[in-house]
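The values are calculated or read from the model by the stated rules, or taken from the named source; none is laboratory data. All values reported here derive from a predicted model rather than from experimental measurement. Here the Cβ positions follow ideal geometry from the backbone for every residue, glycine too, while neighbour counts run over all protein chains shown. Ligands, DNA and RNA are excluded from the accessible area calculation, which covers all protein heavy atoms including side chains. Shrake-Rupley method; radii C 1.70, N 1.55, O 1.52, S 1.80 Å.
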Amino acid sequence: MEKTIYDLDQKDMPTHWYNIQADLPEPLPPVLHPGTGKPIGPEDLAPLFPMELIKQEVSTERWIEIPEELQAVYRTWRPTRLHRAHRLEKALDTPAKIFFKYEGTNQAGSHKPNTATAQCYYNMKEGIKRITTETGAGQWGSALSLAGAFFGVEIKVYMVRISYDQKPYRRIAMETWGAKCVPSPSPDTKAGRDMLEKWPDCPGSLGLAISEAVEEAVSRDDTHYSLGSVLNHVLLHQTIQGEECRKQMEMADAYPDIIVGNIGGGSNYGGQFLPWIRDKISGAKPDMRVICCEPESCPTVTRGLYAYDFGDSVGLTPLLKMHTLGHGFIPPPIHAGGLRYHGMAPIICHLYELGLVEAVAVHQTAVFEAGIKFARTEGIITGPEPCHNLKVAMDEALKCKESGEAKTILIAHSGHGHFDLAAYERYLSGKLEDYAYPEEEVKKAQAEMPKVPA
Amino acid sequence: MNFLFCRTENNMLPCRWMAGCWQGHMEILTFLEDHYTKEELEQIFVPPKPKIESLVSLVEKAKKAKKRND
């Protein structure tokens, strides 16, 4: 019998998160305060986050214990399954062994609750009664609302007004979990009131929703703010995925030659591959390949520069070293959801620069083609972001077919695409187009970047 | 997504993705050039600040506003 599912017993669920900062060959470059130009310290973040999360943000301890109360909540959906994609392998006629770790089976349908529940727990322990956040289409807002229900913390979600009006399903889910969801701009904050005064019918924006959520957190002692990607502590909480996966791959008597995941804010993929990459850093698995996938239409890592970029046109001090296509980059149409997000996780940029991970850019029609093939073989309708991984994993599997090698490929699968069917509809009706950013345009945009000593 | 939203998403200026998203539907670059100054166009296509930098800036702004109100 072909074994297809590798379930880890709940008693074997990892009890610690893995912190890559303990093993980095070179430390992360510092993030500088926009006002002082000095490295950002705990006091700068204290109005927003509980002290335990701030400590995790800068910690260099290798293992950080997951509190038992949080483990009990994790156990409502964890461990998640590791799947062997036999049907996909057969469809590709490849000798490669394809595995995928699927994070779409929890109550909110994505990997986001791994950190949402952790953040809620630490806030609750420090006496915080309320947490604010912003959401666009609602994936992060849903995860935090779920977490609030688990820990008895009131969640207030500022949802971009146009999404609030036009995409009600996630809003209804958030409200069902007990969160208060308000359209942004709202009359609840100065930022919102100012906007409504100028323009009563303003459709809102993610930037304004963030401003409102932060303003409310700073102005109330019982309220904090929560973010679902990019920050070190967010990636730390996600490492439970990779730690579980290590045990499950052992059950399958396999070790990945290639790990594939998509990069945007980095939280899913970071959580999946960071626990493996310590074997590469230590020299135990020097040949393991870790591939980050991104859209060809926004090739930030594959074609961008790793540099200090000014965050605004007036040229204030550059504060964070990251991959950038420069200010002149005009983004083309794209339907990859979070992957067009500019703010790559600093840890992932750093690992790429150290040569520990590689990056591949793929076209969106091929991405959805892979998503369709996966749906018709393994049955899961995949979110647009992890569809990038499917495409790259299938390409690697086909290379194995040519070479005859039986490599083991592990895919990080962050969740289903049940709320993203409009993108599938565009693909199926032939309305999606590919776009590759012209090399001369990339060079032009980069030529305009500020000259700052790294 | 409606045109009005795309025109105002970026602090009342067009979203930086707008040129790409609307290029198949209209002469979007001409539209932008006709309706915005050179300075505004430069501002439109500036990448957003890294998340943590934005957060610290927003905290400073909110602290100042709170102090004024107190």
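With K and R counted +1 and D and E -1, the other residues having a Cβ less than 14 Å from that of A:N19 yield a net charge of -3.
Separation of region A:396-435 and region A:100-143, taken as the distance between their Cα centroids, equals 26 angstrom.
For the protein assembly as shown, report the accessible area per residue in Å² (1.4 Å probe, heavy atoms, rounded to an integer).
41
Which of the listed residues, A:A209, A:L227, A:W199, is farthest toward the dipole's positive end in region A:199-283, when Lys, Arg count +1 and Asp, Glu count -1 at the beta-carbon? Result: A:L227.
Listed values for region A:97-113 are Karplus-derived 3J(HN,Hα) couplings in whole Hz (6.51 cos²θ - 1.76 cosθ + 1.60, θ = phi - 60°), namely 9, 10, 10, 9, 9, 9, 9, x, 9, 7, 4, 9, x, 8, 6, 4, x, and x replaces Gly and Pro. Neighbouring Cβ atoms from other chains, within 10 Å of the Cβ of residues in A:199-212, number 4 on average. Rounded to the nearest Hz, the phi-derived 3J(HN,Hα) couplings of region A:277-290 under the Karplus curve 6.51 cos²θ - 1.76 cosθ + 1.60 (θ = phi - 60°) are 6, 5, 6, 6, 4, 6, x, 5, 10, x, 8, 4, 9, 10, where x marks glycine and proline.
Net charge dipole, region A:113-225: roughly 240 debye, given to the nearest 20, about the Cα centre with Cβ charges of +1 for Lys and Arg and -1 for Asp and Glu.
Reported to the nearest whole Å, the Cα centre-to-centre distance from region B:10-70 to region A:39-93 is 32. When the charge dipole of chain A is built from unit charges on Cβ atoms (+1 for Lys and Arg, -1 for Asp and Glu) and taken about the Cα centre, the candidate among A:G37, A:F100, A:N114 whose Cα reaches farthest toward its positive end is A:F100. Derived scalar couplings between HN and Hα for region A:363-377 equal 6, 6, 5, 5, 5, 6, 4, 5, x, 5, 4, 5, 4, 8, 10 Hz in order, rounded to whole Hz, by the Karplus curve 6.51 cos²θ - 1.76 cosθ + 1.60 (θ = phi - 60°), x for Gly and Pro. Among the listed pairs A:K167/A:K190; A:K55/B:K66; A:K55/B:K51; A:K55/A:K125; A:K55/B:K67; A:K112/A:K399, those whose Cα-Cα separation exceeds 21 Å are A:K167/A:K190; A:K55/B:K66; A:K55/B:K67; A:K112/A:K399.
The residues of region B:1-33 occluded by other protein chains by 20 Å² or more of accessible area, set against the chain on its own, are B:M1, B:N2, B:L4, B:F5, B:T8, B:E9, B:M12, B:R16, B:W17, B:G20, B:C21, B:Q23; surface from heavy atoms, 1.4 Å probe.
Under the rule that an exposed site lies in a DSSP loop and has at most 15 other Cβ atoms within 10 Å, name the longest stretch of chain A with no GluC sites (Glu not before Pro) of that kind, not counting the sites themselves.
No qualifying site falls inside A:127-404, the longest such stretch.
The DSSP beta bridges internal to region A:113-225 are antiparallel in roughly 0% of cases. Normalised by 2.2 N^0.38 Å, where N is the number of residues, the alpha-carbon radius of gyration of the protein assembly as shown equals 0.93.
Among beta bridges from DSSP that stay inside the protein assembly as shown, the antiparallel ones total about 35%.
Using only protein heavy atoms and a 1.4 Å probe, how much accessible area in total is buried between B and A, to the nearest 100 Å²?
3900
Count charges around A:T105 for me, please; just the other residues with Cβ under 14 Å from its Cβ, Lys/Arg as +1, Asp/Glu as -1. Its environment carries a net charge of +1.
Interface residues of region B:51-65, defined as those losing at least 10 Å² of solvent-accessible heavy-atom surface relative to the isolated chain (probe radius 1.4 Å), are listed as B:K51, B:I52, B:E53, B:L55, B:V56, B:S57, B:L58, B:V59, B:E60, B:A62, B:K63, B:A65. Working ranking of peptides A:186-192, A:204-210 by packing, defined as the average number of other Cβ atoms within 10 Å per residue, highest first, is A:204-210, A:186-192. Multiplying each eigenvalue of the alpha-carbon gyration tensor of chain B by 5 and taking the square root yields semi-axes of 31, 12, 12 Å, largest first, rounded to whole angstroms. Share of carbon and sulfur in the accessible area of the protein assembly as shown stands at 51%, probe radius 1.4 Å.
Remark on A:G228: its backbone amide H falls under 5 Å from none of the residues 5 or more positions apart or on other chains, H modelled at 1.01 Å from N. When shorter helices are ignored and each DSSP H run of at least 4 residues is given -39500 (n - 2.57), the per-residue value for chain A at 222 nm works out to -12500 deg cm²/dmol.
For region A:158-198, a simple Cβ point-charge model (Lys and Arg +1, Asp and Glu -1, everything else neutral) yields a dipole of about 80 debye relative to the Cα centre.
Scaled to the globular estimate 2.2 N^0.38 Å, the Cα spread of region A:113-225, given as radius of gyration, is 1.00.
Each residue was assigned an accessible area with a 1.4 Å probe, and for A:D395 the value is about 50 Å². Net charge dipole, chain A: roughly 580 debye, given to the nearest 20, about the Cα centre with Cβ charges of +1 for Lys and Arg and -1 for Asp and Glu.
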